[in-house]
Amino acid sequence: MSTASLDKVVDEVVQEALAAVERMLDEAQSEANRIIDRAADEVSRELSSLKEAGEAAIAASRQRIISTAEIQAKNMAIAAVEEEISKTFDMVMGRLEKMASEDSFEYELKRLLDEAVELVGRDMIVSSNEKGLELLRKILSKSSYGVEVRLSEKPIKTVGGLEARSADGQIIFDNTLEARLERIKPQLRNELARMILRKD
(Lines give C-alpha, C1' and ligand atoms only; values in the text may rest on other atoms or scores of the structure.)
Protein backbone atom coordinates (compact mmCIF):
# COMPACT_ATOMS: atom_id res chain seq x y z
CA MET A 1 0.00 0.00 0.00
CA SER A 2 1.46 3.36 -0.97
CA THR A 3 1.46 6.59 0.97
CA ALA A 4 -0.73 8.01 -1.77
CA SER A 5 -3.41 5.38 -1.13
CA LEU A 6 -3.26 6.03 2.62
CA ASP A 7 -3.53 9.78 1.98
CA LYS A 8 -6.36 9.13 -0.49
CA VAL A 9 -8.36 7.18 2.10
CA VAL A 10 -7.85 9.92 4.67
CA ASP A 11 -8.75 12.61 2.07
CA GLU A 12 -11.92 10.73 1.07
CA VAL A 13 -13.04 10.36 4.64
CA VAL A 14 -12.22 14.01 5.37
CA GLN A 15 -14.27 15.07 2.31
CA GLU A 16 -17.18 12.90 3.51
CA ALA A 17 -16.85 14.47 6.92
CA LEU A 18 -16.79 17.98 5.47
CA ALA A 19 -19.99 17.23 3.53
CA ALA A 20 -21.62 15.86 6.67
CA VAL A 21 -20.50 18.91 8.65
CA GLU A 22 -21.92 21.16 5.92
CA ARG A 23 -25.30 19.42 6.30
CA MET A 24 -25.12 19.66 10.08
CA LEU A 25 -24.22 23.35 9.85
CA ASP A 26 -27.24 23.96 7.59
CA GLU A 27 -29.43 22.20 10.17
CA ALA A 28 -27.79 24.22 12.94
CA GLN A 29 -28.39 27.41 10.93
CA SER A 30 -32.09 26.51 10.56
CA GLU A 31 -32.33 25.85 14.28
CA ALA A 32 -30.49 29.10 14.96
CA ASN A 33 -33.00 30.97 12.80
CA ARG A 34 -35.85 29.40 14.78
CA ILE A 35 -34.14 30.39 18.03
CA ILE A 36 -33.62 33.94 16.75
CA ASP A 37 -37.30 34.13 15.66
CA ARG A 38 -38.39 33.00 19.11
CA ALA A 39 -35.98 35.52 20.60
CA ALA A 40 -37.46 38.26 18.40
CA ASP A 41 -40.93 37.39 19.71
CA GLU A 42 -39.58 37.55 23.26
CA VAL A 43 -37.99 40.92 22.45
CA SER A 44 -41.34 42.22 21.24
CA ARG A 45 -43.01 41.15 24.47
CA GLU A 46 -40.26 42.68 26.57
CA LEU A 47 -40.30 45.87 24.53
CA SER A 48 -43.93 46.49 25.26
CA SER A 49 -43.32 46.12 29.00
CA LEU A 50 -40.20 48.31 28.91
CA LYS A 51 -41.46 51.25 26.82
CA GLU A 52 -41.65 53.54 29.80
CA ALA A 53 -38.05 52.65 30.74
CA GLY A 54 -36.78 54.46 27.66
CA GLU A 55 -35.08 53.76 24.38
CA ALA A 56 -31.69 52.85 25.92
CA ALA A 57 -33.11 50.09 28.13
CA ILE A 58 -35.13 48.67 25.22
CA ALA A 59 -32.09 48.55 22.91
CA ALA A 60 -29.92 46.93 25.59
CA SER A 61 -32.54 44.30 26.35
CA ARG A 62 -33.03 43.53 22.67
CA GLN A 63 -29.29 43.17 22.10
CA ARG A 64 -28.91 40.94 25.16
CA ILE A 65 -31.61 38.54 23.97
CA ILE A 66 -30.31 38.40 20.41
CA SER A 67 -26.74 37.89 21.62
CA THR A 68 -27.86 35.04 23.85
CA ALA A 69 -29.67 33.41 20.92
CA GLU A 70 -26.59 33.82 18.68
CA ILE A 71 -24.35 32.27 21.35
CA GLN A 72 -26.74 29.33 21.69
CA ALA A 73 -26.71 28.85 17.91
CA LYS A 74 -22.87 28.96 17.77
CA ASN A 75 -22.63 26.47 20.64
CA MET A 76 -24.95 24.11 18.79
CA ALA A 77 -22.82 24.40 15.64
CA ILE A 78 -19.61 23.73 17.61
CA ALA A 79 -21.15 20.67 19.25
CA ALA A 80 -22.26 19.39 15.83
CA VAL A 81 -18.77 19.89 14.39
CA GLU A 82 -17.12 18.10 17.33
CA GLU A 83 -19.53 15.19 16.99
CA GLU A 84 -18.83 14.96 13.26
CA ILE A 85 -15.06 15.09 13.82
CA SER A 86 -15.35 12.23 16.27
CA LYS A 87 -17.44 10.18 13.83
CA THR A 88 -14.98 10.94 11.04
CA PHE A 89 -11.99 9.76 13.01
CA ASP A 90 -13.84 6.59 14.01
CA MET A 91 -14.59 5.96 10.33
CA VAL A 92 -10.98 6.63 9.30
CA MET A 93 -9.70 4.34 12.05
CA GLY A 94 -11.98 1.56 10.84
CA ARG A 95 -10.67 1.89 7.30
CA LEU A 96 -7.07 2.06 8.45
CA GLU A 97 -7.55 -1.03 10.62
CA LYS A 98 -8.82 -2.95 7.59
CA MET A 99 -5.89 -1.77 5.46
CA ALA A 100 -3.35 -2.61 8.18
CA SER A 101 -4.62 -6.20 8.39
CA GLU A 102 -3.71 -6.88 4.75
CA ASP A 103 -0.34 -8.15 3.52
CA SER A 104 -0.15 -5.14 1.18
CA PHE A 105 0.39 -2.99 4.28
CA GLU A 106 4.03 -4.17 4.25
CA TYR A 107 5.08 -1.26 2.01
CA GLU A 108 3.48 1.32 4.32
CA LEU A 109 4.94 -0.36 7.40
CA LYS A 110 8.43 -0.22 5.85
CA ARG A 111 7.96 3.50 5.27
CA LEU A 112 6.92 3.93 8.91
CA LEU A 113 9.98 1.91 10.01
CA ASP A 114 12.27 4.03 7.80
CA GLU A 115 10.87 7.18 9.46
CA ALA A 116 11.45 5.68 12.91
CA VAL A 117 15.05 4.69 12.11
CA GLU A 118 15.73 8.18 10.82
CA LEU A 119 14.16 9.88 13.84
CA VAL A 120 15.56 7.62 16.58
CA GLY A 121 18.94 7.40 14.85
CA ARG A 122 20.40 4.67 17.07
CA ASP A 123 19.91 1.02 18.03
CA MET A 124 16.25 0.49 18.78
CA ILE A 125 13.47 -1.91 19.67
CA VAL A 126 10.33 -1.86 17.53
CA SER A 127 6.86 -2.92 18.69
CA SER A 128 3.68 -3.48 16.73
CA ASN A 129 0.55 -5.60 16.77
CA GLU A 130 0.76 -9.29 15.84
CA LYS A 131 0.23 -8.70 12.09
CA GLY A 132 2.69 -5.80 12.19
CA LEU A 133 5.37 -7.90 13.89
CA GLU A 134 4.91 -10.56 11.21
CA LEU A 135 5.33 -7.98 8.44
CA LEU A 136 8.28 -6.33 10.22
CA ARG A 137 10.10 -9.70 10.37
CA LYS A 138 9.76 -9.90 6.57
CA ILE A 139 10.91 -6.30 6.15
CA LEU A 140 13.95 -6.75 8.40
CA SER A 141 14.93 -9.95 6.59
CA LYS A 142 15.13 -7.96 3.33
CA SER A 143 16.47 -4.62 4.62
CA SER A 144 19.44 -3.38 6.55
CA TYR A 145 19.86 -0.17 8.46
CA GLY A 146 22.91 1.54 9.89
CA VAL A 147 21.60 0.73 13.37
CA GLU A 148 20.43 -2.46 15.05
CA VAL A 149 16.66 -2.86 14.83
CA ARG A 150 15.21 -5.52 17.14
CA LEU A 151 11.60 -6.57 17.36
CA SER A 152 9.76 -6.61 20.65
CA GLU A 153 8.69 -10.04 21.88
CA LYS A 154 5.24 -8.82 22.90
CA PRO A 155 2.73 -7.24 20.51
CA ILE A 156 1.27 -3.89 21.49
CA LYS A 157 -2.35 -2.83 21.20
CA THR A 158 -2.60 -0.83 18.00
CA VAL A 159 -4.61 -0.80 14.81
CA GLY A 160 -1.40 -0.72 12.81
CA GLY A 161 1.96 0.95 12.49
CA LEU A 162 4.73 0.73 15.01
CA GLU A 163 6.32 2.17 18.10
CA ALA A 164 10.11 2.56 18.16
CA ARG A 165 12.16 2.95 21.33
CA SER A 166 15.90 3.57 21.47
CA ALA A 167 17.75 0.66 23.08
CA ASP A 168 18.61 2.90 26.05
CA GLY A 169 14.94 3.94 26.39
CA GLN A 170 15.64 7.67 26.03
CA ILE A 171 13.77 8.16 22.77
CA ILE A 172 10.29 6.84 22.02
CA PHE A 173 8.67 7.48 18.65
CA ASP A 174 5.01 6.49 18.36
CA ASN A 175 4.41 5.90 14.67
CA THR A 176 1.21 3.90 15.09
CA LEU A 177 -1.70 4.76 12.85
CA GLU A 178 -3.61 6.04 15.88
CA ALA A 179 -0.79 8.44 16.80
CA ARG A 180 -0.44 9.65 13.23
CA LEU A 181 -4.18 10.29 13.04
CA GLU A 182 -4.08 12.15 16.37
CA ARG A 183 -1.36 14.39 14.93
CA ILE A 184 -3.58 15.51 12.04
CA LYS A 185 -6.68 16.20 14.16
CA PRO A 186 -5.72 19.85 14.76
CA GLN A 187 -5.31 20.34 11.01
CA LEU A 188 -8.81 18.98 10.36
CA ARG A 189 -10.28 21.07 13.16
CA ASN A 190 -8.66 24.19 11.65
CA GLU A 191 -10.09 23.33 8.22
CA LEU A 192 -13.57 22.92 9.71
CA ALA A 193 -13.22 26.19 11.62
CA ARG A 194 -12.27 28.01 8.41
CA MET A 195 -15.32 26.48 6.72
CA ILE A 196 -17.59 27.67 9.54
CA LEU A 197 -16.12 31.19 9.48
CA ARG A 198 -16.60 31.43 5.71
CA LYS A 199 -20.23 30.41 6.14
CA ASP A 200 -20.85 33.15 8.71
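The values are calculated or read from the model by the stated rules, or taken from the named source; none is laboratory data. All of these numbers come straight from a predicted model, not from anything done at the bench. So basically every Cβ, Gly included, is an ideal-geometry build from the backbone, and we count neighbours across all protein chains shown.
Among residues of region 116-133 being exposed (fewer than 15 other Cβ atoms within 10 Å of the Cβ) and not small (Gly, Ala, Ser), the one that is nearest to Gly94 (Cα to Cα) is Glu130. Based on what the data block shows, is Ile85 in a helix (DSSP H, G or I) and either within 30 Å of Ser144 (Cα to Cα) or outside the structural domain of Val159 (by TED's automatic domain parsing) (or both)? In short, yes. Candidates in region 142-184 are the residues that are out of contact with any helix residue (DSSP H, G or I) (no Cβ under 6 Å at 6 or more places or on another chain) and of a type in the set (Gly, Ala, Ser); of these, the one that is nearest to Glu118 (Cα to Cα) is Gly146.
Would you please name the residue that is surrounded by the fewest Cβ atoms within 10 Å (Cβ to Cβ), looking only at residues in region 137-160 that are in a loop (DSSP other than H, G, I, E, B) and among the aliphatic types (A, V, I, L, M)?
Residues of region 137-160 that are in a loop (DSSP other than H, G, I, E, B), as a first pass: 143-148, 152-160.
Applying the additional criterion that residues be among the aliphatic types (A, V, I, L, M) yields 147, 156, 159.
Numbers: Val147: 13, Ile156: 16, Val159: 19.
Taking the candidates together, the pick is Val147.
If you filter region 161-185 down to residues that are out of contact with any Leu (no Cβ under 6 Å at 6 or more places or on another chain), surrounded by 15 or more Cβ atoms within 10 Å (Cβ to Cβ) and not hydrophobic (A, V, I, L, M, F, W, C), you find that the one that is farthest from Gly132 (Cα to Cα) is Ser166. If you filter region 10-42 down to residues that are farther than 15 Å from Ala73 by Cα and of a type in the set (Gly, Ala, Ser), you find that the one that is surrounded by the most Cβ atoms within 10 Å (Cβ to Cβ) is Ala17. Answer yes or no: is there a residue in region 129-138 that is of a type in the set (A, V, I, L, M, F, W, C), outside the structural domain of Gly169 (by TED's automatic domain parsing) and modelled with pLDDT of 85 or more. No, there is no match, as no residue in region 129-138 is of a type in the set (A, V, I, L, M, F, W, C), outside the structural domain of Gly169 (by TED's automatic domain parsing) and modelled with pLDDT of 85 or more.
Candidates Ala80, Ala116: the one that is in contact with an Asp or Glu (Cβ under 8 Å, 6 or more places away or on another chain) and part of a helix (DSSP H, G or I) is Ala80. Pairs are defined by a Cβ separation below 9 Å, a sequence spacing of at least 6 or placement on different chains, a first member in region 52-63 that is in the same structural domain as Ala40 (by TED's automatic domain parsing) and of a type in the set (Ser, Thr, Tyr), and a second member that is modelled with pLDDT under 75 and assigned to a helix (DSSP H, G or I); the pairs so defined are Ser61/Val43; Ser61/Glu46; Ser61/Leu47; Ser61/Leu50; Ser61/Ala53. When Arg122, Arg95, Arg111 are checked against the criterion of being of a type in the set (D, E, K, R) and farther than 17 Å from Ala179 by Cβ, a single residue qualifies: Arg122. Among the residues of region 186-195, the ones that are in contact with a Leu (Cβ under 8 Å, 6 or more places away or on another chain) and farther than 16 Å from Asp7 by Cβ come to 2 in all.
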